[in-house]
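As structure tokens, the structure follows; a few thoughts come after it.
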Amino acid sequence: MLTLVLGGAKSGKTKWALRYAESFSQFPHYIYLATALPTDEEMKAKIKKHQEERSAKWSTLEEPLEISSKIYSLKDKPSLILVDCLTLWISNLLHYNKNLEEYLNNFIEVLKIIRSNKDVLLILISNEVGLGLVPENRLGRLFRELSGELNQRIANISDEVYFIVAGLPIVLKGKGNVPKIGTF
């Protein structure tokens with residue numbers, strides 16, 4: 001199964017996604033795939049905060065670039081995999097001047113493979129960047145375009161899509177019922 005969790009910055013999407021993930025008890029492995037790079041003190045503090053929010057049931061894999069191969073390597077391991085977050089991954093790809101079309105297309109193909117495995121639940125977190133101002137520079141506009149296009153492609157093949165606003169989920173696609181996972 002494939003679930004996409006969207007939201008703006010500081011919308012509560014990671015907290016919500018963690019609680020949602022932990023509402024599933026049938027998985028022997030809970031894997032948090034982190035894409036963030038500790039490039040400055042602010043990011044280091046954010047990473048530490050996210051680590052503290054996770055319960056002991058999570059094992060962490062850190063991978064800023066090759067998330068497709070990491071996810072693919074887990075395709076036969078019954079697990080719940082939470083990827084946080086796709087927009088940081090896109091930033092990393094841009095920063096390291098990677099072939100974006102190749103990386104994004106490969107990622108979609110891996111998602112299709114994983115989605116067909118009933119023993120794996122993959123939850124992807126991504127920022128919705130299309131609700132704000134148009135960035136003033138070319139790189140900012142490219143980032144926004146890539147993020148928006150990737151979110152659309154993933155939403156199209158996802159079983160569930162949630163939009164988090166102020167810590168509250170809105171069902172965009174799926175069974176139509178917001179999971180009862182408690183409050184923050």
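Computed from the coordinates by the stated procedures, all read-outs in this text should not be read as laboratory data. For clarity, every value in this text was computed on a predicted model and none was experimentally measured. Cβ atoms come from the backbone with ideal geometry, glycine included; neighbour counts cover every protein chain shown.
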Discussion item. Once you place label points 7 Å from the Cα toward the Cβ at residue 75 and residue 173, how far apart are they in nm?
Written reply: 2.0 nm
Response to the item:
Placing +1 on each Lys and Arg Cβ and -1 on each Asp and Glu Cβ in the chain, then taking the dipole about the Cα centre, the residue among 132, 43, 81 whose Cα reaches farthest towards the positive end is 81
Practice prompt. Calculate for the chain the 222 nm mean residue ellipticity that helices alone would give, adding -39,500 (n - 2.57) per DSSP H run of length 4 or more and normalising by residue count, nearest 500 deg cm²/dmol.
Written response: -13000 deg cm²/dmol
Worksheet item: Label points 7 Å out from Cα along the Cβ direction at residue 25 and residue 40: separation in nm?
Response: 4.4 nm
Worksheet item: Rounded to two decimals, what ratio of Rg to Rh does region 48-111 give with C-alpha atoms and a Kirkwood Rh?
Response: 0.99
Practice prompt. Please label the shape of region 126-170 as rounded, prolate or oblate, based on the square roots a ≥ b ≥ c of the eigenvalues of the alpha-carbon gyration tensor (a/c under 1.5 means rounded; beyond that, a/b larger than b/c means prolate, else oblate).
Written response: oblate
Worksheet item: Listed highest first by mean packing, meaning other Cβ atoms within 10 Å per residue, what order do 42-53, 71-82 come in?
Response: 71-82, 42-53
Worksheet item: What FRET efficiency do you get for residue 57 and residue 134 if R0 is 30 Å and r is their Cβ-Cβ distance, rounded to the nearest 0.05?
Response: 0.15
Item to complete: Identify which of 132, 174, 140 has the largest mean-square fluctuation in a Gaussian network model of the chain, with springs joining Cα atoms closer than 10 Å.
Response: 132
Response to the item:
Connecting every pair of Cα atoms under 10 Å apart in the chain and solving the GNM, the largest mean-square fluctuation among 24, 163, 107 falls on 24
Fill in: Peptides ranked, highest mean first, by Cβ atoms within 10 Å: ranges 13-20, 83-90
83-90, 13-20
Worksheet item: Given charges of +1 on the Cβ of Lys and Arg and -1 on the Cβ of Asp and Glu, with all other atoms neutral, how large is the dipole of region 1-138 about its Cα centre, in debye to the nearest 20?
Response: 420 debye
Item to complete: May I ask you to give the average projected area over all directions of the convex hull of the Cα atoms of the chain, in nm² rounded to one decimal?
Response: 10.2 nm²
Response to the item:
Highest GNM mean-square fluctuation among 127, 137, 99, for the chain with Cα springs under 10 Å, belongs to 137
